[in-house]
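The values are calculated or read from the model by the stated rules, or taken from the named source; none is laboratory data. Keep in mind that what you see is a predicted model, and the values were worked out from it rather than measured. Cβ placement follows ideal geometry from the backbone for every residue including glycine, while neighbour counts extend to all protein chains displayed. Only protein heavy atoms, including side chains, enter the accessible area calculation; ligands, DNA and RNA are left aside. Shrake-Rupley method; radii C 1.70, N 1.55, O 1.52, S 1.80 Å.
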Amino acid sequence: MAHHDDDDVHARAHLHHQPQDLPQVLVIRPPLSFSNFQSQYSHKFQFLKAWESPLPLDQFLTTHANSVQAMLSTVSYSVTACVLRLLPSLRLMVTPSAGLNHIDLDECRSRGIRVANAGNLNSEDLGGKRVGIVGLGSIGLEVAKRLEAFGCIILYNSRKEKSFVSYPFYSNVVELAANGDAFVICCELNDQTCHMINKEVMSALGKKGVLINVGRGAIVDEKVMVWCLVQGEIGGAGLDVFENEPDVPKELFALDNVVLSPHQASLTSESSKALWELLVANLEAFFSNKPLISSVMND
């Protein structure tokens, strides 16, 4: 008897998960990341994937003409009036794009088909990320300004709290790392900051955290950072500087979660031109017995 009961349970479970019980969504061509989307939502919808069918498209659409009410469209396929006429039961068109030039909106309007797009999500792809900046000096402030424009939330650590900014201040870099999604190093290298970004800081940043270094390589304990990246203890890194330049740890070249550049973060043609002009201005000022333009120490 128990054996039959088990069979009934399995049968009911199988029936419960039958895809034909789920709302159908027509997909003529898969949008980017569709496999991930499908795996997350296949328990909610039955996706009718036209590109997998051996039938010609018009026959495939005709087969589902009286049942399908929703369609997921993509910019790689134009939903024309001819296509829509094959789908008399269609009532909804959703697209992951902001643009709608691939959909015949007039035909949708005349057939009473509602259309939903990506709204403003495609214009806010970086929004809401919490970014910790180490060193809110001239470079750090410019980084913060740019990140704010992307809708990021700025946190910072610096030698002292800055009264002219409203960003949350963290006196401890470990706490800063623990509270951010990404970590941007903009401070100078000195005895206090050498290897300041150590195992404890990287552990606090976490497996999804991203480390960006545009300061100096030795601010980060490079061997520990390489180990953390290889082991997946941090999510990724963007590195413009290295501890023993020009040598770069070979392990980094094999990783797909790392972006490397050869200490050239500021070397656009415009900034290079301005830099040379500033150096010349300092030389001319010196030889004319005038104050230096960008003096580090008092004249």
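So which chymotrypsin sites (Phe, Trp or Tyr not before Pro) in the stretch 134-174 are both in a DSSP loop and have at most 15 other Cβ atoms within 10 Å of their Cβ?
Those that pass, being in a loop and sparsely packed, are 150, 164.
Taking each pair of distinct Cα atoms in the stretch 64-119 once, what is the resulting Kirkwood hydrodynamic radius in Å?
11.1
Set the Förster distance to 22 Å, then compute FRET efficiency between residue 116 and residue 32 from the Cβ-Cβ distance, nearest 0.05.
With a Förster radius of 22 Å, E is 0.80.
I'd like the Kirkwood hydrodynamic radius of the stretch 216-294, using the inverse of the mean 1/r over distinct C-alpha pairs, in Å.
15.2
What would the Debye formula give as log10 I(q)/I(0) at q = 0.14, 0.16, 0.20 Å⁻¹ for the alpha-carbon point model of the stretch 132-268, no solvent?
For the requested q values the scattering log ratios are -0.58, -0.77, -1.24.
For the pair residue 109 and residue 269, how long in nm is the line joining their label points, each one 7 Å along Cα→Cβ?
Taking the two extended label points, one gets 4.6 nm.
For the chain, what does -39500 (n - 2.57) per DSSP helix run (n ≥ 4), summed and divided by total residues, give at 222 nm, in deg cm²/dmol to the nearest 500?
Helices in the chain give a 222 nm mean residue ellipticity of -9500 deg cm²/dmol.
Any idea what diffusion coefficient the stretch 167-240 gets from Stokes-Einstein, in µm²/s, Kirkwood Rh on alpha carbon pairs, 20 °C, 1.002 mPa s?
Stokes-Einstein gives a translational diffusion coefficient of 178 µm²/s.
Which length gain, in nm to one decimal place, applies between residue 178 and residue 207 when the Cα-Cα distance is subtracted from 0.36 nm times their residue separation?
Fully extending the segment from residue 178 to residue 207 adds 9.3 nm.
Using every alpha carbon pair in the stretch 40-151, what percent of pairs falls into each 5 Å bin from 0 up to the bin containing the largest distance?
2, 10, 16, 17, 14, 9, 6, 6, 6, 6, 4, 3, 1
Express in Å², to the nearest 10, the accessible area of residue 259 obtained by rolling a 1.4 Å probe over the protein heavy atoms while all chains stay in place.
Approximately 100 Å² of residue 259 is accessible to the 1.4 Å probe.
Among DSSP bridges having both ends in the chain, what percentage is antiparallel? Round to the nearest 5.
About 5 percent, rounded to the nearest 5.
Based on DSSP H assignment, which helices of the chain show an axial Cα extent of at least 20 Å together with a mean Kyte-Doolittle hydropathy greater than or equal to -0.5?
The qualifying helices are 269-287.
Can you pull the one-decimal nm distance between simple spin-label points at residue 292 and residue 123, each 7 Å off the Cα toward Cβ?
Once both label points are built, they end up 4.7 nm from each other.
What's the Cα-based Rg to Rh of the stretch 107-154, Rh via Kirkwood?
1.40
Between residue 67 and residue 280, what is 0.36 nm times their sequence separation minus the Cα-Cα distance? Round to one decimal in nm.
Extending this stretch completely gives an extra 69.2 nm.
Ranked highest first by average number of other Cβ atoms within 10 Å, how do 238-246, 270-278 line up?
238-246, 270-278
Rounded to whole Å, give me the distance from the Cα center of the stretch 114-134 to that of the stretch 46-106.
First find each Cα centre; the distance between them is then 27 Å.
In nm², what is the average projected area of the convex hull enclosing the Cα atoms of the chain?
The Cα convex hull of the chain, projected and averaged over all directions, gives 26.8 nm².
Taking a threshold of 26 Å on the Cα-Cα distance, which of the pairs 199/250; 208/250; 160/250; 49/207; 145/290; 145/250 fall above it?
160/250; 49/207; 145/290; 145/250
In a GNM of the chain with a 10 Å cut-off on Cα contacts, which of 237, 144, 281 has the highest mean-square fluctuation?
281
Could you check the spin-label model distance between residue 39 and residue 150? Points 7 Å from the Cα along Cα→Cβ, value in nm.
Inter-label distance under the simple model: 2.6 nm.
Could you state the orientation-averaged shadow area of the convex hull built on the Cα atoms of the stretch 204-246, in nm² to one decimal?
Its Cα hull, projected and averaged over all orientations, spans 2.8 nm².
Would you list 263, 102, 43, 64 from the most to the least accessible area, probe 1.4 Å?
The residues order as 43, 263, 64, 102, largest area first.
Before I look further, what does the chain give for accessible area per residue, probe 1.4 Å, in whole square angstrom?
For the chain, the solvent-accessible area averages 63 Å² per residue.
Which of 56, 262, 168 moves the most in a Gaussian network model of the chain with Cα springs under 10 Å?
Ranking 56, 262, 168 by mean-square fluctuation puts 56 first.
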